[in-house]
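One structure is given below, encoded as structure tokens.
The values are calculated or read from the model by the stated rules, or taken from the named source; none is laboratory data. Computed from a predicted model, the values in this text were never measured in an experiment. Counting neighbours? That spans all protein chains shown, and the Cβs are built from the backbone with ideal geometry, glycine included.
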Amino acid sequence: MELNSRGIQAEAQVPISVQYKGADLGIGFRADLIVEGCLLLELKSTEALNDVHLATVITYLKLLRLKRGFLLNFNEKLLKDGMKRVSI
């Protein structure tokens, strides 16, 4: 809501459909936030980010055909310590 109130188009819980060998498998995932149709924000609150979190963001970027994303961990004393930029 805050982004939209500032004139920034953002969608929350965006469904991501999955296809395998031409067959539609339906909604396989949900992206936390997509900003302006070009930036993925994946939000976490965990002890530490790990390779599984990074792999999830890369998978979402590929399925959504996006190039940039951020993995954000809110369980850090300083938010800047919980940010990871992902580009494919």
When residues of segment 45-86 are limited to those that are charged (D, E, K, R) and under 30 Å from residue 20 (Cβ atoms), the one farthest from the chain's Cα centre (by Cα):
51
Could you check segment 13-67 and list, in sequence order, the residues that are in contact with a Phe, Trp or Tyr (Cβ under 6 Å, 6 or more places away or on another chain) and hydroxyl-bearing (Ser, Thr, Tyr)?
45
Residue pairs within 7 Å by beta carbon, gap of at least six or interchain, first lying in segment 60-77 and of a type in the set (Ser, Thr, Tyr), second in a loop (DSSP other than H, G, I, E, B) and modelled with pLDDT of 95 or more, listed first then second, are none
Could you list all residues from segment 1-14 that are surrounded by 11 or more Cβ atoms within 10 Å (Cβ to Cβ) and either farther than 10 Å from residue 36 by Cβ or touching a His at 6+ places or on another chain (Cβ under 8 Å) (or both)?
4, 12, 14
Has segment 12-22 got at least one residue that is among the charged types (D, E, K, R) and touching a residue at least 12 places away in the same chain (Cβ under 8 Å)?
no
